[in-house]
Amino acid sequence: MSSNPAKAVKNVVEAAAEKVADVLAPDVPGAPGSAPPTAAEPTTPHDPLPPKKEQGTPETRTPTGAKTGAPSTANGQQGAFLTTSQGARLRDTDHSLKAGPRGPVLLQDHHLREKITHFDHERIPERVVHARGAGAHGVFTAYGTAEQVTRAGFLKKGRETDVFVRFSTVLGSRGSADTVRDTRGFATKFYTDEGTFDLVANNIPVFFIQDAIKFPDVIHAGKPHPDREIPQAQSAHDTFWDFVSLHTEAQHHTMWNMSDRGIPRSYRMMEGFGVHSFRLVNGAGETALAKFHWKPKLGVHSLTWEEAQLLGGIDPDFHRRDLYDAIEAGAYPEWELGIQVFPDTPEETFAGIDLLDPTKIVPEELAPVQPIGKLTLNRTPTNFFAETEQVAFHVGHLPPGIDVTNDPLLQGRLFSYVDTQLTRLGGPNFSQIPINRPHAPVNDMLRDGFHQDAVHAGVAPYRPNSLDGGNPFPSGDAEHAFVDVPVTVAEAPKARANPASFDDHHSQVRLFWLSMSPVEKEHIIRAYTFELGKCYHQAIKERQLQSLANIDPVLCAQVAAGLGLPAPEPTVPLADVAPSPALSQVGRQWPTDGRTIGIVVGPDSDLDGVGQVRSEVLAAGMVPLLIAPHGGMVGDLHVQRTFATGRSVEFDALLLAAAPAPAPDALPARDAKAGAADSASVDPRVLLLVQECWRHAKAVGAWGDGVTVLDQAGVTGTPGVVTGDSGTEVLTTVGQLLAAHRVWERFPASAT
């Protein structure tokens, strides 16, 4: 064994890396470890392998925020040998200690008891909402454009702040699928040097409810029915629609959820919204109200409904895999943080919109979103549980310069977020878990409790004191103390009531509907029809149709027709609103970074041409996946998918470099997809790939023999189907189509 453990592990990694080219194509993400395994069990002791190149861990800080100087791997396991939790080395972990080989297990087996006891307690309660999530590390760089409205130090020009972001669904359990129709969380922890700032956002800018006291009601309605515990992670059931049809303030959020926003293509292509209005205060003590927005560099893009259903079975981890593969491939997800700024008036309204109502938006045409910084996610977690599962967000984690407002939903969240961590994370010291540790000095006088990791000195954790020399001391403006803005509270009697401005439940829902393109309206109609069609009781369907009638007669009539029910007349005047083009996802061009291109090849393909196309895909910042009749190699090219293992939902666009004959495994008894088409000359699974991509409005390109596949699939000459003399020519046009996300003109819409 080497006397230098660091050199030994370096040698192991380098030796393993030399073998990577033998088993994997370069530049294709997804390898599970930092080095490929050997066929034989390794027996030479060495230190733990380093993390993969794209992985990161929380910065090594003490429980009270001080830098340790230790490398990030210091939080991981150490040494080459198996030990107990106390560091005693073990000879064996495969056999219990027995009274003879066939005798009973002995109670004195301390290693057995430790190992099983820890295993029995590995799980903690999952989040009641947002249980299904994925996280990543990154950095936020401020533009300096917010300095006039907030004194927050992390927003000063050029300031870089480490962040951890967790994306999530709301309704499903930890084991549910990523691609369900649901609201997504977009929570960002900024480790600022003035204290942690948690921007707890959603991908929908409005909420189902106006007051936090109704939070249990909406979640109980959306969760699986309590008697059967079904359906999982979806809103297509009676209790959800019973609640939202009776509780019409939920109609705005419901419309967003029924739109394409409810099924994002990727976390990388998802907007984030802080929902609430916050109060900003600058260095001069001046205040303004603001709403936070995350704008993805790649644009806002969604899955089609059929894609979402297929992915639920084919790859329920699709969103987290997409996020981690993109970071591994170097296609770092990026967003701009922006703010809408409003005068801080006593009425707390803007353009007639109540800024304290979390079911309302302010259209960007009335208050443009001003960019104030850029977020880049560049490292994946090293340990999912330690980081993504244990990260704890709270809307009350605020830096100096940002304060809360009297939004009644926000006020309730200020209590709820701390309260839930006490159960989930085992006590009040959850801020000392490495992923939650502040990057600012902590001197809070909080002591003891479960999982207290700090070793506090002194004898006087109270103020005032003289025994500890008066420490800790209060701060002022010179020390950048947090500012509780001295807002005047109007005199009023106590009341369980909302202001009259909260009563309008339909005008902004109509605004959203009228802002959609025709194809987006078709998708909304389909979503309402599908979800209400899953309800058992006719009365619930009829009640929801009445709300749709009060939003828009065309929407109501189309959904009613799909349900086989009459369309009711409106019971309130239809709101006269101006559409907001910023709400539509359609009609703009976006970068194609990190997109996945499927390339169908066969043994007779022009492999030199395929290799050139593959190189050009990589050079464009996208990921090429070769799809062939069998695994291994085709010529000198590595195959990533076969006709048996590949499916259209993995690809953003499809290129055909061949018209491969049916492979030996193209047997309906072996692969059901082989029975999906009737062809004697082309493998039916290739035709299925083409037909699904075509149905999902994706770009499809072909050259050489691949053109005949388009003919057999019956898609030649339709919008977004490209042919050319070479792969390079075809890829150029397909790349241009990808910038618009999809080829919606392939399917003219009837909804206007």
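Can you go through Q712, Q736 and tell me which one is open to solvent by 50 Å² or more (accessible area, probe 1.4 Å), out of contact with any Asp or Glu (no Cβ under 6 Å at 6 or more places or on another chain), under 23 Å from G299 (Cα atoms) and part of a helix (DSSP H, G or I)? Walk me through how you get there before you give the answer.
On the way: Q712 fails: under 23 Å from G299 (Cα atoms).
Just a single option satisfies the conditions, and that option is Q736.
When you look at A666, is it at pLDDT 95 or above, among the aliphatic types (A, V, I, L, M) and touching a helix residue (DSSP H, G or I) at 6+ places or on another chain (Cβ under 6 Å), yes or no?
Numbers: at pLDDT 95 or above: no; among the aliphatic types (A, V, I, L, M): yes; touching a helix residue (DSSP H, G or I) at 6+ places or on another chain (Cβ under 6 Å): yes.
For A666, the condition - at pLDDT 95 or above, among the aliphatic types (A, V, I, L, M) and touching a helix residue (DSSP H, G or I) at 6+ places or on another chain (Cβ under 6 Å) - is not met.
None of G562, G594 is modelled with pLDDT of 95 or more, in contact with a Phe, Trp or Tyr (Cβ under 9 Å, 6 or more places away or on another chain) and open to solvent by less than 70 Å² (accessible area, probe 1.4 Å) except G562. Pairing residues of segment 576-598 that are touching a residue at least 12 places away in the same chain (Cβ under 8 Å) with residues that are open to solvent by 60 Å² or more (accessible area, probe 1.4 Å) and of a type outside the set (S, T, Y), at Cβ distances under 6 Å and at least 6 apart in sequence or on separate chains, gives S580/E365.
Scanning segment 457-487 for residues that are open to solvent by 60 Å² or more (accessible area, probe 1.4 Å) and touching a residue at least 40 places away in the same chain (Cβ under 8 Å) returns H480, F482, D484, V487.
Would you point out the residue of segment 597-623, among those that are open to solvent by 70 Å² or more (accessible area, probe 1.4 Å) and assigned to a helix (DSSP H, G or I), that is farthest from L738 (Cα to Cα)?
Taking segment 597-623 as the starting set, the residues that turn out to be open to solvent by 70 Å² or more (accessible area, probe 1.4 Å) are 603-604, 606, 608, 612, 619.
Still in the list and also assigned to a helix (DSSP H, G or I): 608, 612, 619.
Details: D608: 24, Q612: 19, A619: 16 Å.
Only one residue tops the list, namely D608.
Determine whether E729 is in a helix (DSSP H, G or I), closer than 24 Å to E306 by Cα and open to solvent by 10 Å² or more (accessible area, probe 1.4 Å).
Working: in a helix (DSSP H, G or I): yes; closer than 24 Å to E306 by Cα: no; open to solvent by 10 Å² or more (accessible area, probe 1.4 Å): yes.
Against the criterion (in a helix (DSSP H, G or I), closer than 24 Å to E306 by Cα and open to solvent by 10 Å² or more (accessible area, probe 1.4 Å)), E729 does not qualify.
Scanning segment 109-125 for residues that are in a loop (DSSP other than H, G, I, E, B) and exposed (fewer than 15 other Cβ atoms within 10 Å of the Cβ) yields H121, E122, R123, I124, P125.
The residues listed here are V300, V275, V281; of these, the one that is touching a strand residue (DSSP E or B) at 6+ places or on another chain (Cβ under 9 Å) and on the phi > 0 side of the Ramachandran plot is V275.
Residues A628, A663, A672: which one is without any contact (Cβ under 8 Å) to a residue 40 or more places away in the chain, among the small types (G, A, S) and under 21 Å from P316 (Cα atoms)? It would help to see each step written out before you state the result.
Numbers: A628 fails: under 21 Å from P316 (Cα atoms); A663 fails: under 21 Å from P316 (Cα atoms).
Within the list A628, A663, A672, the selection yields A672.
Looking for whichever is open to solvent by less than 40 Å² (accessible area, probe 1.4 Å) and in contact with a Phe, Trp or Tyr (Cβ under 6 Å, 6 or more places away or on another chain) here; the options are P399, P408, P381. Which one fits? Checking each option against the conditions leaves just P399. Considering segment 504-517, the residues that are under 27 Å from the mean Cα position of the chain (by Cα) and of a type outside the set (G, A, S) include one that is surrounded by the most Cβ atoms within 10 Å (Cβ to Cβ), namely V509. Within segment 136-157, if we keep just the residues that are under 24 Å from A481 (Cβ atoms) and surrounded by fewer than 21 Cβ atoms within 10 Å (Cβ to Cβ), the residue that is farthest from the chain's Cα centre (by Cα) turns out to be Q148.
When we screen A74, A39 for residues that are surrounded by fewer than 16 Cβ atoms within 10 Å (Cβ to Cβ) and under 28 Å from P438 (Cβ atoms), the only hit is A74.
The criterion of being free of Cβ contacts under 8 Å to residues at least 24 places away in the same chain and not aliphatic (A, V, I, L, M) does not hold for R437. Do we find that A659 is of a type outside the set (K, R), in a loop (DSSP other than H, G, I, E, B) and either more than 13 Å from V601 (Cα to Cα) or touching a Lys or Arg at 6+ places or on another chain (Cβ under 7 Å) (or both) in this structure? When the stated conditions are applied, A659 does not pass them.
Scanning segment 235-256 for residues that are touching an Asp or Glu at 6+ places or on another chain (Cβ under 8 Å), surrounded by fewer than 23 Cβ atoms within 10 Å (Cβ to Cβ) and not in a loop (DSSP other than H, G, I, E, B) yields a count of 1. Residues in segment 539-546 include none that are assigned to a loop (DSSP other than H, G, I, E, B), without any contact (Cβ under 8 Å) to a residue 12 or more places away in the chain and open to solvent by 30 Å² or more (accessible area, probe 1.4 Å).
For segment 635-647, which residues satisfy the criterion of being open to solvent by less than 10 Å² (accessible area, probe 1.4 Å) and not small (G, A, S)?
At the first step, the residues of segment 635-647 found to be open to solvent by less than 10 Å² (accessible area, probe 1.4 Å) are 643, 646.
Listed by number, the list holds a single entry, F643.
Condition test on T349, is it open to solvent by 50 Å² or more (accessible area, probe 1.4 Å), touching a helix residue (DSSP H, G or I) at 6+ places or on another chain (Cβ under 9 Å) and among the polar types (S, T, N, Q)? Steps first, please.
On the way: open to solvent by 50 Å² or more (accessible area, probe 1.4 Å): yes; touching a helix residue (DSSP H, G or I) at 6+ places or on another chain (Cβ under 9 Å): yes; among the polar types (S, T, N, Q): yes.
Here the answer is yes, as T349 does meet what is asked.
Of all residues in segment 314-331, those satisfying the criterion of being outside any helix (DSSP H, G or I) and either over 16 Å from the mean Cα position of the chain (by Cα) or crowded, with 20+ Cβ neighbours inside 10 Å (or both) are A329, G330, A331.
Looking at G185, G133, which one is in contact (Cβ under 8 Å) with a residue 24 or more places away in the chain, surrounded by 21 or more Cβ atoms within 10 Å (Cβ to Cβ), more than 30 Å from E479 (Cβ to Cβ) and touching a His at 6+ places or on another chain (Cβ under 9 Å)? First the steps, then the outcome.
On the way: G133 fails: touching a His at 6+ places or on another chain (Cβ under 9 Å).
Criteria check complete, one pass: G185.
The single condition among (1) at pLDDT 95 or above; (2) open to solvent by 10 Å² or more (accessible area, probe 1.4 Å); (3) of a type in the set (D, E) that D678 does not satisfy is (1).
The values are calculated or read from the model by the stated rules, or taken from the named source; none is laboratory data. Everything numeric here is computed off the predicted structure, so don't read it as measured data. So basically every Cβ, Gly included, is an ideal-geometry build from the backbone, and we count neighbours across all protein chains shown. Note: areas computed on protein heavy atoms with side chains; ligands, DNA, RNA excluded. Shrake-Rupley method; radii C 1.70, N 1.55, O 1.52, S 1.80 Å.
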